[in-house]
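Q: Questions regarding the structure given below will be posed in turn.
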Amino acid sequence: MSPEDKATLRTTWAMVAPISDAAAGLFYDRLFARDPSLRPMFANADMKEQRRKLMQAIAAVINGVDHLDALVPTLQTLGRNHARYGVIDQHYETVGAALLWTLEQGLKAAWTPAAKSAWTVAYTTVATVMRGAAMQTSERTA
């Protein structure tokens, strides 16, 4: 990830953070619209808490963007946990699309090609680590 990408992530995240609960609500609405089969995974979830956790996780990535290696164990744990919740590989694509759409809605004019690129790189990096850990978990349990 380039220094420019990191700066863009920080700048745009600073715009989203003040509206984090609304943004997280948009995210989950979009996620369930894109794939209604995901809704049952959250049937017993406190969605207010789920929105808070989502935004906290994104903030952790943005705050740790200069030291992504230090985030790898946390992301691996998230990937393993999500696999236990029933998350499969194709869900990562749906989540990524919902996240980018949400950011576009929240950032409006600040959603530039550079912002889209930086967030795509960031999400792809996170998802790759999580998918790898999930795959290792499923191989061990198979």
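The values are calculated or read from the model by the stated rules, or taken from the named source; none is laboratory data. Remember, predicted model here, so these are calculated numbers, not experimental data. Every residue, glycine as well, gets a Cβ built from its backbone with ideal geometry; the counts of neighbours run over all protein chains shown. Quick note on the areas: whole protein, heavy atoms, side chains included, nothing else; ligands and nucleic acids left out. Shrake-Rupley method; radii C 1.70, N 1.55, O 1.52, S 1.80 Å.
Q: From the list A98, A60, A7, A24, which residue is among the small types (G, A, S) and more than 22 Å from M130 (Cα to Cα)?
A: A7
Q: Another question, if that's okay. Restricting to the stretch 23-36, count the residues that are open to solvent by less than 70 Å² (accessible area, probe 1.4 Å) and assigned to a helix (DSSP H, G or I).
A: The total comes to 8.
Q: Taking the stated definitions as given, is R131 surrounded by 18 or more Cβ atoms within 10 Å (Cβ to Cβ) and either among the basic types (K, R) or more than 19 Å from A57 (Cα to Cα) (or both)?
A: Yes: the conditions hold for R131.
Q: Can you tell me which of R39, R84, R51, R10 is surrounded by fewer than 16 Cβ atoms within 10 Å (Cβ to Cβ), out of contact with any Lys or Arg (no Cβ under 8 Å at 6 or more places or on another chain) and without any contact (Cβ under 8 Å) to a residue 40 or more places away in the chain?
A: Only one candidate qualifies: R39.
Q: Could you tell me which numbered condition V126 fails, if it satisfies all but one of (1) open to solvent by 30 Å² or more (accessible area, probe 1.4 Å); (2) modelled with pLDDT of 95 or more; (3) farther than 18 Å from R30 by Cα?
A: V126 satisfies all of (1) open to solvent by 30 Å² or more (accessible area, probe 1.4 Å); (2) modelled with pLDDT of 95 or more; (3) farther than 18 Å from R30 by Cα except (1).
Q: Can you find a residue in the stretch 92-108 that is at pLDDT below 95, closer than 22 Å to L71 by Cα and either in a helix (DSSP H, G or I) or of a type outside the set (K, R) (or both)?
A: No - not one qualifying residue is present in the stretch 92-108.
Q: Does the stretch 110-121 contain at least one residue that is part of a loop (DSSP other than H, G, I, E, B) and open to solvent by 30 Å² or more (accessible area, probe 1.4 Å)?
A: yes
Q: One residue is enough: does the stretch 69-85 have a residue meeting the conditions more than 19 Å from A134 (Cβ to Cβ) and not in a helix (DSSP H, G or I)?
A: No: zero hits.
Q: Kindly evaluate A134 against the criterion of being modelled with pLDDT under 95, hydrophobic (A, V, I, L, M, F, W, C), assigned to a helix (DSSP H, G or I) and farther than 19 Å from L26 by Cα.
A: yes
Q: Return yes when N44 is assigned to a helix (DSSP H, G or I), among the polar types (S, T, N, Q), over 22 Å from S2 (Cα atoms) and at pLDDT below 95 and no when it is not.
A: No, not satisfied.
Q: Go over the candidates Q105, Q76, Q90 one by one and state the one that is open to solvent by 60 Å² or more (accessible area, probe 1.4 Å), in contact with an Asp or Glu (Cβ under 9 Å, 6 or more places away or on another chain) and not hydroxyl-bearing (S, T, Y).
A: Q90
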